[in-house]
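Just so it is clear, none of the values below were taken in a lab; they were calculated from the coordinates. These numbers come from a predicted model, not from an experiment. Cβ coordinates were reconstructed from backbone atoms using ideal geometry, including for glycine residues, and neighbour counts include every protein chain displayed.
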Amino acid sequence: MPLKPAAQRVEDLLAAQGMARRVVEFPESTRSSAEAAAAIGCALAQIAKSLVFKAASGRPVLVVASGVNRIDEKKIKAAIGQKIGRADADYVRERTGYAIGGVAPLGHAQPSIVLIDRDLLALDPIWAAAGTPNAVFRLSPGELVRISGGEVADVKQDT
């Protein structure tokens, strides 16, 4: 069965990075970290969830975090050197080219500032969104850093 157009776009981008045939589409939703982990059959921590914020400059900020971690917005602000705000669904789609629940860590419509949760580096494999709320792909933490151009940072809330 062919992939949905957004998932196929991610598959094509991955193939161009030497990571062919990685996208998997599920009949059920993988929109949330818990749904994705259940569909895949992996630990919640292995889900590389994508959260999009709006920097004061207007540029999108993609934070790719472990599915078990809550994000500390003050740490994001400190890492990028500017205030951030919440991004609504229209902003996310316009700036990334993906709908919320399917934001892949590559191929954004406009270049994003990308921060990667340091905790993901200890997990292999990890799973990221692949363009739709039902599609994911498997990768290593090193591949995530390489394909996203992201900076590894401490972004999780202290407990």
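For the criterion of being surrounded by 15 or more Cβ atoms within 10 Å (Cβ to Cβ), touching a residue at least 60 places away in the same chain (Cβ under 8 Å) and within 18 Å of ALA6 (Cα to Cα), GLY101 passes. When the residues of the range 1-45 are filtered to those that are of a type in the set (S, T, N, Q) and in contact with an Asp or Glu (Cβ under 9 Å, 6 or more places away or on another chain), the one that is surrounded by the fewest Cβ atoms within 10 Å (Cβ to Cβ) is GLN17. Taking the numbered list (1) touching a Pro at 6+ places or on another chain (Cβ under 7 Å); (2) of a type in the set (Asp, Glu); (3) farther than 18 Å from LEU44 by Cβ in turn, GLU143 passes all entries but (1).
Across the range 112-140, the qualifying residues are those that are within 21 Å of GLY58 (Cβ to Cβ) and either in contact with a Pro (Cβ under 8 Å, 6 or more places away or on another chain) or among the charged types (D, E, K, R) (or both), and the one among them that is surrounded by the most Cβ atoms within 10 Å (Cβ to Cβ) is SER112.
Screening ALA135, ALA122 for residues that are closer than 21 Å to GLN8 by Cβ and of a type in the set (A, V, I, L, M, F, W, C) leaves exactly one candidate, ALA135.
Pairing residues of the range 54-74 that are farther than 26 Å from ALA37 by Cα with residues that are assigned to a helix (DSSP H, G or I) and among the aliphatic types (A, V, I, L, M), at Cβ distances under 7 Å and at least 6 apart in sequence or on separate chains, gives ALA55/ILE80.
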